[in-house]
Every structure is written in structure tokens, then in C-alpha cells.
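These notes are about the structure you will find just below.
The values are calculated or read from the model by the stated rules, or taken from the named source; none is laboratory data. Note that this is a predicted model, so its numbers are computed, not measured. Methodologically, a virtual Cβ is constructed for each residue, glycine included, from the backbone with ideal geometry; neighbour enumeration extends over all protein chains shown.
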Amino acid sequence: MSVDRETRKRIDQPVSSEAERETRLTPTEAVAQMRIRLPVRANRKLRTLIDRVNRDDQLKGLWHVANVNAVARMGINDHSWVHIQIVTNIALKLLRQLTKHGVDPRW
């Protein structure tokens, strides 16, 4: 499978010093600083989900391991919990736009 030029350019960027620093944290240190924040508005289910995620040290530990694997072992920039929060925020915005315009997200 070939990769387009723009994607190849992004892949070949050097790993940031912040991403490298996070890989040197112990799992306990990494998990302690992780906290997903989303605009939950009046959505109690979403608030409950985010609260559960933020209390789940095992899940956070998996995020830390994934980041260490991506950054330290594969040389890919930042797959930390911050990246997860960014992607989650984008997905939530897309879902809200779709439902606003009458798209039913259920299968």
C-alpha cells in the first residue's frame, strides 16, 4: 500500500520532545496526569461515561503503553491521551452536527 506525499511527510517528521518526555514517565506518573475533558452540556450519559473513563487507571495505562509503543519504539509522533481527547472532541462535534441535521446515528 502506498502512502501519499503529504502523509509520508507527516510520518517522517521527528518525534517532538514533549512526546518523548511522556514516554519516560512511569505508568503511575502518566496515569495520574491523564484526564479527558469534553463539552458534555446537559448529556448525563456522556458525563457518566467521561467520569468512568477518567477513573479507569487500567484504560489510562493502556493509553500510556500505546503511546510508548508509538513514540519510543516506532518513532511516530504523539499517540498519547491528548491525541485521544482531540479525536474524541472531533467525533463529538461531528455527531452533534449530524444529529442537528436529522441524521440518526443508530444502525
Inset, instruction - List every residue pair whose Cβ atoms sit under 8 Å apart, with the two residues 6 or more apart in sequence or on different chains, where the first one lies in region 82-107 and is under 15 Å from PRO39 (Cβ atoms) and in contact (Cβ under 8 Å) with a residue 40 or more places away in the chain and the second, anywhere, is assigned to a loop (DSSP other than H, G, I, E, B) and hydrophobic (A, V, I, L, M, F, W, C). - result: GLN85/ILE36; GLN85/LEU38; THR88/ILE36; THR88/LEU38; ASN89/LEU38; LEU92/LEU38
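Could you tell me how many of the residues in region 1-56 are more than 29 Å from ARG96 (Cβ to Cβ) and not acidic (Asp, Glu)? Explain how you work it out, then say what you get.
Filtering region 1-56 for residues more than 29 Å from ARG96 (Cβ to Cβ) gives 1-5, 8-9, 11-32.
If we keep only those that are not acidic (Asp, Glu) too, we end up with 1-3, 5, 8-9, 11, 13-17, 19, 21, 23-28, 30-32.
Of the residues in region 1-56, 23 are more than 29 Å from ARG96 (Cβ to Cβ) and not acidic (Asp, Glu).
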Legend entry - Selection status of LYS60, farther than 25 Å from THR26 by Cβ and modelled with pLDDT of 85 or more: no
